[in-house]
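The values are calculated or read from the model by the stated rules, or taken from the named source; none is laboratory data. Since the model is a prediction, treat every value here as computed from it, not as a measurement. Ideal geometry is used to build each Cβ from the backbone, glycine not excepted, and the neighbour counts take in all protein chains shown. Side chains included, ligands, DNA and RNA excluded: accessible areas come from the protein's heavy atoms. Shrake-Rupley method; radii C 1.70, N 1.55, O 1.52, S 1.80 Å.
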Amino acid sequence: MRVLSVPDLCCPDCAKKIDLALEDAGVDHKVDLEGKKVSVCDCDHCMEVAFDILKEMGFEAERIS
């Protein structure tokens, strides 16, 4: 899994919206509200999709691992 830092991830509603959007896009992922992180499967396509979805939702993300 690759990990994205999502500093603006601040509430359960945001986490749920991100979770649903990535699930709908078919991206294997895990949202960590407390750590303000989103883990995405180790696939370039999924990472690109995740970045695009987060950006469209107004979240900035940075790959940290």
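Using a simple spin-label model with pseudo-atoms 7 Å out from Cα toward Cβ, S65 and D24 lie 3.0 nm apart.
All C-alpha to C-alpha distances of the chain, sorted into 5 Å bins beginning at zero, yield P(r) values of 4, 21, 37, 29, 9, 1 percent in whole numbers.
The slack between E34 and M1, meaning 0.36 nm per residue of separation minus the straight C-alpha distance, is 10.1 nm.
Descending by average beta-carbon neighbour count within 10 Å, the peptides 26-33, 54-61 line up as 26-33, 54-61, the highest first.
For the chain, with all protein chains in place and a probe radius of 1.4 Å, 47% of the accessible heavy-atom surface sits on carbon or sulfur. When shorter helices are ignored and each DSSP H run of at least 4 residues is given -39500 (n - 2.57), the per-residue value for the chain at 222 nm works out to -12500 deg cm²/dmol.
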